[in-house]
Ligand code: SF4
């Protein structure tokens with residue numbers, strides 16, 4: 001048999017294989033060493049973790065504990081449970097612990113702190129761990145029981161799925177966002193459980209790390225296993241500026257194999273929206289949905305609460321007031337983003353428009369706090385999911401869009417993707 | 001693993017974890033959680049489930065979050081989940097909770113709601129007891145079946161002495 005040519009994803013799995021193997025290819029199951037394990041505060045709400053935590057971790061230096069979903073604790077039950085979770089920090093000797101006021105959403109913080117090194121492999125208790133793909137890093141969200149196993153052993157397993165190569169071509173139009181590129185892509189590929197996405201194409205160089213992260217994060221919503229960008233000069237620069245030099249990026253072998261290949265002309269995409277209750281099969285250009293009045297607008301989350309998103313919001317709101325009928329909650333995804341947005345004047349611009357800026361947290365995205373919506377609310381949100389009941393009452397209608405479109409909709413009081421229409 | 005013989009509930013495409021384990025479940029007492037499964041898409045369903053029932057779903061079953069959604073279905077009495085395709089995270093969570101989850105292309109046509117089906121894990125065949133129609137399936141890898149037979153990953157960790165005293 002010829003030498004098997006591996007793509008980026010297969011190369012990373014191959015490099016982390018516990019057993020020496022000649023190659024990995026679709027259909028294999030590989031047992032791998034994990035470079036870092038991230039646990040978020042939600043572990044405290046798992047029925048088992050607090051009562052039966054692993055005795056000790058395989059390596060305390062490779063474990064991060066991030067409080068992000070419920071920051072600060074919204075009720076007594078959660079306050080009590082996260083108090084118990086905090087005890088694990090001393091018990092295990094964890095250094096990377098980010099409590100209230102210190103960190104941010106794990107999928108954003110991990111990039112800032114250098115946990116996502118190109119070529120590495122990450123496990124996290126949260127389902128949007130696929131976000132790491134923007135960093136040329138494989139990440140998989142796993143259930144708390146499985147993460148407990150990884151904490152104890154340092155290992156887990158992955159099925160090697162088939163990989164779809166998606167070429168992102170050309171520059172996005174000025175009033176369109178990476179989120180719209182994702183929506184467009186999702187409307188073309190639908191759900192792809194067990195499959196991977198590898199991004200390529202000449203348009204990647206126009207996407208900053210925030211924009212790439214928005215796309216990779218959202219790939220959880222098409223049920224992809226992994227969704228990975230190549231390492232290029234923009235990622236190199238990001239890592240170098242922060243002093244994260246120690247890594248080995250993964251590149252595809254020449255003639256690597258893909259199940260399919262498609263090209264997306266980012267220059268042709270217009271602002272899109274996911275209609276309520278699901279993303280798959282439910283995406284439309286905003287220009288085609290008619291008038292939908294909006295009660296609540298939300299910008300935040302691991303997908304679109306990044307500095308580029310807060311900047312988009314500030315640019316849209318600049319000197320204007322949001323509609324009287326709309327409540328607008330803006331949640332920066334991390335402390336560093338909040339500070340930078342504040343330094344650049346974005347926070348005051350947003351507040352002057354009568355929008356509310358909360359502390360960094362997942363908050364409204366999971367209907368936890370800081371913007372829980374009620375039945376009958378029409379919601380437009382830059383967050384990740386529009387499942388029925390996701391953000392609060394199951395009678396709310398949740399539309400998903402880019403941060404820019406959410407801000408424009410908040411101004412107008414109805415869904416819109418064009419400020420000047 | 002022994003045959004499973006159970007009554008079928010039919011669900012459609014893209015049934016997500018937040019339907020199976022809604023937000024409010026996080027802070028409810030453990031015994032109350034299962035009764036909120038699917039309350040947003042199918043109110044009253046959880047109250048009708050009997051121990052030993054089976055779910056047949058459509059495409060992309062279990063899309064969504066890492067929350068213990070499969071565990072919630074198991075605690076409600078569901079003994080197997082079968083679907084046209086299953087989200088990778090949900091499949092792992094099901095296996096790690098000791099709940100068999102099978103991806104079988106073409107399963108949607110095999111049963112109506114209320115039918116009884118027999119799942120034969122030894123021969124990897126499912127049979128509808130009413131119509132006698134049969135379908136073969138690709139078995140789960142042996143090491144995953146082992147996790148299921150041991151009642152899930154937490155039991156395995158406990159038995160190995162890897163879990164310690166409460167926090
Ligand atoms: S922001 Fe939303 S999608 Fe992202 S980790 Fe938090 S709850 Fe999950």
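The values are calculated or read from the model by the stated rules, or taken from the named source; none is laboratory data. Bear in mind that the values here come from a model prediction, so they are computed numbers and not experimental data. Cβ sites come from the backbone with ideal geometry, for glycine too, and all protein chains shown count toward neighbours.
Give the residue that is nearest to the other protein chains (Cβ to nearest Cβ), with candidates limited to residues of region A:359-371 that are in contact with a strand residue (DSSP E or B) (Cβ under 6 Å, 6 or more places away or on another chain) and within 21 Å of residue A:413 (Cα to Cα). In this case the residue turns out to be A:364. Scanning region A:46-84 for residues that are within 16 Å of the ligand (Cβ to nearest atom) and closer than 25 Å to residue A:157 by Cα returns A:46, A:64, A:65, A:66. Being closer than 18 Å to residue B:65 by Cβ and surrounded by fewer than 24 Cβ atoms within 10 Å (Cβ to Cβ) is a property that residue A:357 lacks.
Name the residue, out of A:421, A:352, that is more than 16 Å from the ligand (Cβ to nearest atom), surrounded by fewer than 23 Cβ atoms within 10 Å (Cβ to Cβ) and outside the structural domain of residue A:285 (by TED's automatic domain parsing).
A:421
Set side by side, the residues B:71, B:115, B:53 differ, and just one is more than 27 Å from residue A:141 (Cβ to Cβ) and under 11 Å from the mean Cα position of the chain (by Cα), which is B:53. In this structure, does residue B:96 turn out to be facing chain A (nearest Cβ under 9 Å) and within 16 Å of the ligand (Cβ to nearest atom)? Here the answer is no, as residue B:96 does not meet what is asked. Please enumerate the residues belonging to region A:372-399 that are within 13 Å of another protein chain (Cβ to nearest Cβ), in contact with a helix residue (DSSP H, G or I) (Cβ under 8 Å, 6 or more places away or on another chain) and in a loop (DSSP other than H, G, I, E, B). A:372, A:383, A:384, A:385, A:387, A:388, A:389, A:390, A:391 - these are the residues of region A:372-399 that are within 13 Å of another protein chain (Cβ to nearest Cβ), in contact with a helix residue (DSSP H, G or I) (Cβ under 8 Å, 6 or more places away or on another chain) and in a loop (DSSP other than H, G, I, E, B). For residue A:419, the criteria (1) in contact with a helix residue (DSSP H, G or I) (Cβ under 9 Å, 6 or more places away or on another chain); (2) within 17 Å of residue A:327 (Cβ to Cβ); (3) modelled with pLDDT under 95 hold in every case but one, which is (2).
Restricting attention to region A:85-121, the residues that are within 14 Å of the ligand (Cβ to nearest atom) and either touching a residue at least 60 places away in the same chain (Cβ under 8 Å) or assigned by TED's automatic domain parsing to the domain that holds residue A:239 (or both) total 9. Can you spot a residue in region B:70-92 that is part of a strand (DSSP E or B), away from every other protein chain (no Cβ under 12 Å) and within 22 Å of residue A:127 (Cα to Cα)? Yes. Among the residues of region B:1-30, those that are over 19 Å from residue A:42 (Cα atoms) and within 14 Å of chain A (Cβ to nearest Cβ) comprise B:11, B:12, B:13, B:14, B:15.
Residues checked against (1) touching a residue at least 40 places away in the same chain (Cβ under 8 Å); (2) within 22 Å of the chain's Cα centre (by Cα); (3) farther than 14 Å from residue A:120 by Cα; (4) assigned by TED's automatic domain parsing to the domain that holds residue A:381:
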residue	(1), (2), (3), (4)
A:230	yes, yes, no, no
A:239	yes, yes, no, no
A:246	yes, no, no, no
A:249	yes, yes, no, no
A:252	yes, no, yes, no
A:255	yes, no, yes, no
A:261	yes, no, yes, no
A:264	yes, yes, yes, no
